[in-house]
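Comments concern the structure below.
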């Protein structure tokens, strides 16, 4: 199994009350959130940086990369999972990445369905924030191991983005990782954690010191707390409105009898 998938599985689990009347609680048995270092794929030195900042994985975000660089990066990372964003993904392309030693591949919804068939590597779907919610829910039926949410055009995360992330978490039964447009403060990371996000991908070409600070902020996230993670709950009826409707119905019946 993919090492990155194992790390996601070791994240805190969601447990729900039997009847669904209490909020879900996520009790951590591992890290609170995964840190994936975003890479350009242009410089082999980036791989060493992933080790230095103690990232949980590395991910080449560029769609145009040199296979030799990927192979060397995998060797440098050792036990740290290495992923790639695969352009025009299909079964052969994904298999090629697995052959280079990549632990997981990320592809968009324009990939050939054959990209879903390879079992020798972790498979993740990258989606846009504007994706229809019905299609987001349908991802649960796809043979993918999780979802990456694209960073979009903005240079920072807005309140609207946070609302979209939280809604996607509610709709999805799979891990959700956000690709950051820029580095976040501790407070910003806490917002994502509260929304139920399982991991973040840092932008490429960041100073090592800044990434180490990001690692520290992630490590300081609480590991036992209530989080808004889980399936969309059952909406209970508003009993005040229901009672009023029954009263009006009774009044109408009395008028008909008169």
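Structure summary
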item: Answer residue from segment 175-188, given it is surrounded by fewer than 18 Cβ atoms within 10 Å (Cβ to Cβ) and out of contact with any helix residue (DSSP H, G or I) (no Cβ under 6 Å at 6 or more places or on another chain) and is nearest to residue 213 (Cα to Cα) among those; result: 185
item: Yes/no for residue 76 being more than 17 Å from the chain's Cα centre (by Cα), under 21 Å from residue 40 (Cβ atoms) and touching a residue at least 12 places away in the same chain (Cβ under 8 Å); result: yes
item: Breaking point among (1) surrounded by fewer than 19 Cβ atoms within 10 Å (Cβ to Cβ); (2) in a loop (DSSP other than H, G, I, E, B), for residue 114; result: (2)
item: The one condition in (1) out of contact with any strand residue (DSSP E or B) (no Cβ under 6 Å at 6 or more places or on another chain); (2) at pLDDT below 95; (3) more than 13 Å from residue 53 (Cβ to Cβ) that residue 229 fails to fulfil; result: (1)
item: Test result for residue 37, modelled with pLDDT under 85, under 16 Å from the mean Cα position of the chain (by Cα) and surrounded by 14 or more Cβ atoms within 10 Å (Cβ to Cβ); result: no
item: Residue within segment 47-68 that is at pLDDT below 90, closer than 28 Å to residue 142 by Cβ, in contact with a strand residue (DSSP E or B) (Cβ under 6 Å, 6 or more places away or on another chain) and surrounded by 15 or more Cβ atoms within 10 Å (Cβ to Cβ) present; result: no
item: Tally of residues being at pLDDT 95 or above, touching a strand residue (DSSP E or B) at 6+ places or on another chain (Cβ under 7 Å) and more than 22 Å from residue 48 (Cβ to Cβ) across segment 190-226; result: 3
item: Residue tally, condition surrounded by 19 or more Cβ atoms within 10 Å (Cβ to Cβ), more than 19 Å from residue 203 (Cα to Cα) and either touching a residue at least 40 places away in the same chain (Cβ under 8 Å) or over 22 Å from the mean Cα position of the chain (by Cα) (or both), over segment 79-95; result: 1
item: Scan of segment 53-73 for residues that are closer than 16 Å to residue 122 by Cβ, free of Cβ contacts under 8 Å to residues at least 40 places away in the same chain and in contact with a helix residue (DSSP H, G or I) (Cβ under 6 Å, 6 or more places away or on another chain), ordered by number; result: 58
item: Residue pairs meeting the criteria (Cβ under 8 Å; at least 6 apart or on separate chains; first in contact (Cβ under 8 Å) with a residue 24 or more places away in the chain, in segment 31-42; second part of a strand (DSSP E or B) and surrounded by fewer than 22 Cβ atoms within 10 Å (Cβ to Cβ)); result: 38/179
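The values are calculated or read from the model by the stated rules, or taken from the named source; none is laboratory data. In this text, all values refer to a predicted model and were calculated from it rather than measured experimentally. Every residue, glycine as well, gets a Cβ built from its backbone with ideal geometry; the counts of neighbours run over all protein chains shown.
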